[in-house]
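Data first, discussion second: the structure below is written as structure tokens.
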Amino acid sequence: MSEAEYEFFEVIQGYLAKAAASVDLPEHVALILSQPKNELIVHFPVRMDDGRTELFKGYRIQHNNLLGPYKGGLRYHESVSLDDLKALASMMTWKCALLEIPFGGAKGGVKVDPHRLSTEELRKVTRRFTHALGGNIGPEYDIPAPDVGTNATTMVWVMDTYMNTVGHATKNAQARVVTGKTLTCGGSRGRAKATSQGLVHCVTEWARERSYDLEGKTAIIQGFGNVGSHAALLLNRLGVSTIAVGDHSGYLHNPEGFNPHKLAEYVKDNGAIGGYSAGHEISREDFFGIKADLFIPAALENQVGEAEARALDVRLVAEGANGPLNPAGEAVLEERGIEVLPDVLANSGGVTVSYFEWIQNKRSESWDLEEVDLKLERKMKRAYGRVMTFAREKGVSNRIAAYALALGALKTAYSERGIFP
């Protein structure tokens, strides 16, 4: 399935329809959940370093807030589109409902290649975008977080801009308008690694259930940003060596295993894995054919289609990214007996620790890393167990089980609350 043919939102709608059938979701609830509540598009000017003025396009999609404030990342990428953000916003709704976090789902972003902007230009884009969103975000209404192309620094800029647009007396009560901030500016310990930590908890539970010793096993990781790099580091502590990596700059193979600390440092300094000397360059096709035990797609959506799924020689796929498998690719993996830990479960550690950060800000607290890690582990293992049990009992895929459990929570809430008026 080519990128031109791939409509991410329609793919998510297909999963929704399958899951709805397995929990007898009322037709009116399915109808409500089929579209976001709000779709905001803004255009804003920014004066660039050379004196030119550029017009940027930004989005904020608010899918559902039945269970709590809208929650979801801000993505800076040249491929940002309404369709993709609608899909990602709805996935946030399912993640929060599955993990029993009192948030709803949202997503947003700016259509821009952040790599071509200076730090000062990125700061200006972020501040103007935040100003353009205005009251459409807020600490009890809609809470952004980092995503592809953004980071803790970006979130601090959003927070500071928002804080300076509200009343002076309530300024410091607004810190929780975003999560994923730097520690100095109100972030949570463990947030940077949270998505990967949650994924690794799912992997270790999967291995425990099968008496599968992870020591000495291998992994291939697509995408070596925040999620991919932390996954490599955490897996390395369990004895799993990363033998192939890839990102937008190319693919590298090292049969002996990469040093994840050194590779992460290189990417931090250079922005990508391209040019890293401790591995030899391979093609994208060769990457997918490398024999390993685990595959962690941690890049963008629609990376694994039929061809990639047939080439994969692994036992488990754990989705660090959102929607990296397209339905055709997933069908091939199912046919081949390769298990998938779906994104709605496997990468929900990020929003879970974002919730912990929000709570800490709300209470003016700062939790130790051990406390954050323990709370995350409990949440992830509980969700993993519920998904696997549902999948076995209902005879559905892990993905549909995760969606179904999320829909079950929303179904109950709509039943109890009714539809206004």
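Laboratory data are not the source of any read-out in this text; all were calculated from the coordinates shown. These numbers come from a predicted model, not from an experiment. Reconstructed Cβ throughout: ideal geometry from the backbone, glycine too, with neighbour counts over all protein chains shown.
Things to note:
- Per residue Cα convex hull volume in Å³ - calculated over the stretch 194-346: 94
- Approximate spin-label separation R237-A413, in nm, with each point projected 7 Å along Cα-to-Cβ: 3.2
- Theoretical gain in end-to-end length, E371 to R336 [0.36 nm per residue, Cα-Cα removed]: 8.6 nm
- Rel. contact order, % - alpha carbon contacts under 8 angstrom, at least six apart, the chain: 17
- Value of [θ]222 nm, deg cm²/dmol, for the chain, DSSP H segments ≥ 4, -39500 (n - 2.57) each, nearest 500: -14500 deg cm²/dmol
- For the stretch 372-421 versus the stretch 26-79, the spacing of their alpha-carbon centroids is 25 Å.
- Each 10 Å bin from zero holds the following percent of Cα-Cα pairs in the chain: 5, 23, 33, 27, 11, 2, 0.
- Placing +1 on the Cβ of every Lys and Arg and -1 on the Cβ of every Asp and Glu, with nothing else charged, gives the chain a dipole about its Cα centre of roughly 1400 debye.
- Sites R382 and D49, calculated FRET efficiency, Cβ-Cβ separation with R0 60 Å, nearest 0.05: 0.75
- Residue ranges 260-273, 336-349 sort as 336-349, 260-273 when ordered by packing (mean number of other C-beta atoms within 10 Å per residue, highest first).
- Candidates V125, A346, V240 compared by Cα position along the dipole of the chain: farthest toward the positive end lies V125, with charges placed on Cβ.
- Rg/Rg_ref, the stretch 35-177, where Rg_ref = 2.2 N^0.38 Å and atoms are Cα: 1.01
- Magnitude of the charge dipole for the stretch 194-346, about its Cα centre and with charges confined to Cβ atoms of Lys, Arg (+1) and Asp, Glu (-1), is about 360 debye.
- A simple packing score, the average count of other Cβ atoms within 10 Å per residue, orders the peptides 372-384, 29-41 as 372-384, 29-41, with the highest score first.
- Convex hull volume of the stretch 27-110 per residue (C-alpha atoms, cubic angstrom): 94
- Relative packing of peptides 180-186, 142-148 - highest average C-beta neighbours within 10 Å first: 142-148, 180-186
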